[in-house]
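Written below as structure tokens is the structure these notes are about.
The values are calculated or read from the model by the stated rules, or taken from the named source; none is laboratory data. None of the values given here were measured: they were computed from a predicted structure. Glycine gets a Cβ as well: all are built from the backbone with ideal geometry, and neighbour counts include every protein chain shown. Keep in mind that these areas ignore ligands, DNA and RNA; they rest on the heavy atoms of the full protein, side chains included. Shrake-Rupley method; radii C 1.70, N 1.55, O 1.52, S 1.80 Å.
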Amino acid sequence: MPIPRTTLDAIKRANDLVAVVTAHGIALRRRGRTYFGLCPFHPEQTASFAVSREAGLFHCFGCGASGDVIRFVERAAQVSFREAVQRLATRAGVRLEGER
């Protein structure tokens, strides 16, 4: 059963991307309105991983990885889209339809 767009939007709003990224062990430093850190998806020496709290998006200028909080959890935890949504829903206290 597909997850309704309204539910996905609620999960994204309820999960601060900066908090989710740092919970995965990535140290971020704020520069202006953007946070930077070492990319968790490839080895690097210089911080090229950018996180925008306002836009709810991440982008790595080194490897090109990008997306929203769901995509970040998919890649960082190496889980499916549905599992990433379930983890974020649980983290934020958002109930998924059809789940207890």
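Points to keep in mind about this one:
- Test for Val85: is it buried (at least 18 other Cβ atoms within 10 Å of the Cβ) and in contact (Cβ under 8 Å) with a residue 40 or more places away in the chain: yes
- Scan of segment 28-58 for residues that are open to solvent by 40 Å² or more (accessible area, probe 1.4 Å), assigned to a strand (DSSP E or B) and either in contact (Cβ under 8 Å) with a residue 60 or more places away in the chain or under 25 Å from Gln86 (Cβ atoms) (or both), ordered by number: Leu57
- Checked against the criterion of being modelled with pLDDT under 95 and of a type in the set (Gly, Ala, Ser), the candidates Gly64, Gly93 yield just one match: Gly93.
- Test: residue in segment 85-97 that is part of a loop (DSSP other than H, G, I, E, B) and more than 16 Å from Thr7 (Cβ to Cβ): no
- Test: residue in segment 63-73 that is assigned to a loop (DSSP other than H, G, I, E, B) and free of Cβ contacts under 8 Å to residues at least 12 places away in the same chain: yes
- Condition broken by Thr22, with the remaining ones in (1) open to solvent by 30 Å² or more (accessible area, probe 1.4 Å); (2) assigned to a loop (DSSP other than H, G, I, E, B) satisfied: (2)
- Selected residue (only one of Arg13, Arg75 is open to solvent by 60 Å² or more (accessible area, probe 1.4 Å) and in contact with a strand residue (DSSP E or B) (Cβ under 9 Å, 6 or more places away or on another chain)): Arg75
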